[in-house]
Amino acid sequence: MTKPNQKLNEECAVLGVSLLSNEAVGVTYNGLLTLQHRGQEGCGIAVVAEGNIICKKDTGLVSEVFAQDRLAGFPASKIAIGHTRYSTTGGNSKANVGPFVTEYLTGRIATAHNGNITNAKALRAMLEGCGLRFKATSDSEVVASLLAYRIVKEKDIMQGIEKAVGELEGAFSLCIATADGHLFAVRDPQGFRPLCLGTSENGVIVASESCALEACGFDFLRDVEPGETVLIKDGEIVRSTRSAKERKKEFGLCIFEYVYFARPDSVIDGLSVYEARFNMGKILFKEHPANADIVCGVPDSGVDAAIGYAAASGLPLVNGFVKNRYIGRSFIYPTQDMRSSAVRLKLNPLRASVDGKRVVLVDDSIVRGTTSEKIIQNLKAAGAKEVHLRISSPPFLFACRYGTDIDSKENLIANQMSLDEICRKIGADSLGYISIDGLKTACNKCSLSFCTACFTGEGDCEDVRKNALETTKIKK
């Protein structure tokens, strides 16, 4: 469930490197720092060294888990995978943090997973019936165990991975490292979650977002295609195969990657995240103009759409907030009064910008309305005459089963109130959401179709989940 006073979160980030030098640990650490926005509850790194896999992981931010002394404790390695986690399946514990290292009769693999497996219960029951035991409660451990099980049954690593991937339902981008020096990148047949490849003179990198490639000194090569499994060895891409599963037309890349999840300096499936958000702002103005004096965005993901709204409207763009970037995970709410003022402590209005002004406020989403209400209250307390809220995603009407922690349908404000009622509840002078067609138009340069089930109910995620969990006839 969505945590109080927080934005939506997405399950995690994955990263893997196969290098010609022994710098895999440092590159992986730097890459995880760049991908920290995708998960702040835990992280881990697994390295391949001398035919063995050494993994260190814990709850906490990357810089907390891998302080200098712990990072230095890794052996020199050319191959590593990393993971940052936000929990949507399984609780926040060290046991549920990736990567997962799995031993089998003839070897070892390490697996990092981003997404949500909708048939995880059925797969876990099947594997337990075959004698496998589980230490964690996340679906990522199920993925790792299934991979190891199929590798043993097929007696070939590539064939085992392909077999296991064919049995997985839901969203998954995977980085898999084997003790004998292979690195695999896998993306599910629908392409729900992003995954891309980069190259340099030093080798190959695979990561959830292209911003990590650039930060680590690699050139973007291409996105991993939906249903593709890429084999990397000795710093080179040596093989690629495609899943036999057909893509379902009602699903594709989660469109919320462009709205909120991804960093604006990333390019996903051919579309700049910044460009998509800028376009959302322009379309928001076209669909929902406002009589106002200034435009400001809610940091951070609302800012790029606000730039687009200001450009289209001709209204001045101002910095409406000062964001406290040093609260982080340590911030607590010991009293109800402090809980009520948490938004202001993290995001304080800039009175000099908004006092006496009619403000167009641009944000990425409204889930339950609590945060929006407090932000608008704080803006008006800082002197704003009017606040016209514009949202760069449509109303959330359905829960997600693919790794986004959208609340239950009953707790989503758009299922409880009409547009006018929401507007009055949060204290806005007007409220406008971008339309589904407008959002798709803003993202039309993306090479894939989109999953918009949380807005439309098309290909209802709940039905998919029920059908998947009833799939128990899996060949052993």
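The values are calculated or read from the model by the stated rules, or taken from the named source; none is laboratory data. Quick caveat, the model's predicted, so the values are computed rather than measured. Cβ atoms come from the backbone with ideal geometry, glycine included; neighbour counts cover every protein chain shown.
Among the numbered conditions (1) free of Cβ contacts under 8 Å to residues at least 60 places away in the same chain; (2) assigned to a loop (DSSP other than H, G, I, E, B); (3) more than 30 Å from GLY432 (Cβ to Cβ), the only one that VAL238 does not meet is (2). For region 392-420, a tally of residues being in contact (Cβ under 8 Å) with a residue 60 or more places away in the chain and closer than 30 Å to VAL14 by Cβ returns 16.
The rows are residues; the columns are (1) closer than 22 Å to VAL359 by Cβ; (2) surrounded by 24 or more Cβ atoms within 10 Å (Cβ to Cβ).
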residue: ILE255; (1), (2): no, yes
residue: ALA262; (1), (2): no, yes
residue: ASP265; (1), (2): no, no
residue: GLY270; (1), (2): no, no
residue: TYR274; (1), (2): no, no
residue: ARG277; (1), (2): yes, yes
residue: ILE283; (1), (2): yes, no
residue: ALA290; (1), (2): yes, no
residue: VAL295; (1), (2): yes, yes
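If the condition is being at pLDDT 95 or above, in a loop (DSSP other than H, G, I, E, B) and either more than 19 Å from the chain's Cα centre (by Cα) or of a type in the set (Ser, Thr, Tyr) (or both), then region 1-45 contributes LEU20, SER21, ASN22.
Answer yes if at least one residue in region 241-255 is of a type in the set (Gly, Ala, Ser), at pLDDT below 95 and touching a strand residue (DSSP E or B) at 6+ places or on another chain (Cβ under 8 Å), and no otherwise. Checking region 241-255: at least one residue is of a type in the set (Gly, Ala, Ser), at pLDDT below 95 and touching a strand residue (DSSP E or B) at 6+ places or on another chain (Cβ under 8 Å).
Being in contact with a His (Cβ under 7 Å, 6 or more places away or on another chain) and aromatic (Phe, Trp, Tyr) is the filter here, so list the residues in region 272-304 that pass it.
Narrowing region 272-304 to residues in contact with a His (Cβ under 7 Å, 6 or more places away or on another chain): 290, 292.
Listed by number, the list is empty, since nothing qualifies.
Being within 25 Å of the chain's Cα centre (by Cα), modelled with pLDDT of 90 or more, over 21 Å from CYS216 (Cα atoms) and not aromatic (Phe, Trp, Tyr) holds for only one residue in ALA95, ALA110, and it is ALA110. Report whether or not GLY383 is within 25 Å of ARG344 (Cβ to Cβ), touching a strand residue (DSSP E or B) at 6+ places or on another chain (Cβ under 9 Å), surrounded by fewer than 18 Cβ atoms within 10 Å (Cβ to Cβ) and not acidic (Asp, Glu). Yes: the conditions hold for GLY383.
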